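Take a look at the structure set out below.
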Amino acid sequence: MSDESRPVPVAPPWKRDFPYEALSEEEVTRREFARYLVLGAGTIAVANVGLAVWTQLRSINAGEPRAITDAASVAVGGTFLFHYPGDDDPAILVRLSETEVVAFSQKCTHLGCVVYYDAGEERWHCPCHEGNFEVRTGAVISGPPTRPLGRIDVEVRDDGKIWALGRET
Amino acid sequence: MRASARGRRTSSAVAIYVIILVAFQVFLVTVAVEAFQTDTESLAWSTAGVSVALFVAAAAFLRYLRP
């Protein structure tokens, strides 16, 4: 086949309408573009697996028993903020009577907002989406959450301190 | 000529599939973060599984993409 019979490449219509050239634009093919996309998808997939592993490891940590605070420093009806089982796990306890103390993870089971104790209604309240939880069990009363609050076993010991014994998983 | 046009259409369709799969991956990141925030391990692992499957599918589609 001679050179004369070979078809002359014709510029696509968009090239005539938009006659500007970028440096090395011919080097980026559709396949290369898609390859970069797939590379990005692989990176995201690895990140998702990492997040799953991190979520799993965090839930395995149920915590070791440790003193939280002096029982005398929390009045009846009062609350105390602490972190348990890890330093990144916010928790809250409320003293319901001289002998009864309950504690829960402060993260709402809906989208992780911080819950607080609503003394007037005697319940845990999440202000983000109006979720409400029963004060003693953490069970859902109303709102979008479907799972109870994460309960932390606590007790008042003879040394006058409130101890966290572990988080229920 | 007709076969070549069909090949270009197929190649464009594959590229669009890949773009959609990657866009879905971005959505899955938001689901994984939500699962992390709410300590929902089952959702986190499901999301990771779907994400890896989508990545494999996108990589497999590359074979059908013309240069």
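The values are calculated or read from the model by the stated rules, or taken from the named source; none is laboratory data. If you're wondering where the values come from, they're calculated on a predicted model, not measured in any experiment. Counting neighbours? That spans all protein chains shown, and the Cβs are built from the backbone with ideal geometry, glycine included.
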Residue by residue through region A:138-169, note down the ones that are under 18 Å from A:Leu81 (Cα atoms) and among the β-branched types (Val, Ile, Thr).
-> A:Ile152, A:Val154, A:Val156, A:Ile162
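For region A:105-122, give me each residue that is more than 13 Å from chain B (Cβ to nearest Cβ) and either of a type in the set (A, V, I, L, M, F, W, C) or over 29 Å from B:Ala35 (Cα atoms) (or both).
A:Ala119, A:Gly120, A:Glu121 - these are the residues of region A:105-122 that are more than 13 Å from chain B (Cβ to nearest Cβ) and either of a type in the set (A, V, I, L, M, F, W, C) or over 29 Å from B:Ala35 (Cα atoms) (or both).
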Would you please name the residue that is farthest from the chain's Cα centre (by Cα), looking only at residues in region A:4-20 that are modelled with pLDDT under 70 and charged (D, E, K, R)?
-> A:Glu4
Please work out which residue is modelled with the lowest pLDDT, limiting yourself to region B:48-67 and to residues that are facing another protein chain (nearest Cβ under 7 Å) and in a helix (DSSP H, G or I).
-> B:Leu62
So which residues in region A:43-78 are under 24 Å from the mean Cα position of the chain (by Cα) and among the acidic types (Asp, Glu)?
-> A:Glu64
When you scan region A:57-72, how many residues do you find that are more than 14 Å from A:Ala103 (Cα to Cα), surrounded by 12 or more Cβ atoms within 10 Å (Cβ to Cβ) and at pLDDT 90 or above?
-> 1
Select from region A:109-124 the residues that are farther than 15 Å from A:Ile92 by Cβ and touching a His at 6+ places or on another chain (Cβ under 8 Å) and write down the one among them that is surrounded by the fewest Cβ atoms within 10 Å (Cβ to Cβ).
-> A:Leu111
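Residue by residue, here is whether (1) at pLDDT 95 or above; (2) surrounded by fewer than 18 Cβ atoms within 10 Å (Cβ to Cβ); (3) under 22 Å from A:Ser59 (Cα atoms) holds:
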site	(1), (2), (3)
A:Gly78	no, yes, no
A:Asp88	no, yes, yes
A:Lys107	no, no, yes
A:Cys126	yes, no, yes
A:Phe133	yes, no, yes
A:Gly160	no, yes, no
A:Glu168	no, yes, yes
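Name every residue in region B:35-47 that is within 7 Å of chain A (Cβ to nearest Cβ) and either of a type in the set (S, T, N, Q) or touching a Leu at 6+ places or on another chain (Cβ under 7 Å) (or both), in order of residue number.
Looking only at region B:35-47, we keep the residues that are within 7 Å of chain A (Cβ to nearest Cβ), and these are B:35-39, B:41, B:44-45, B:47.
Hits for region B:35-47 are B:Ala35, B:Phe36, B:Gln37, B:Thr38, B:Ala44, B:Thr47.
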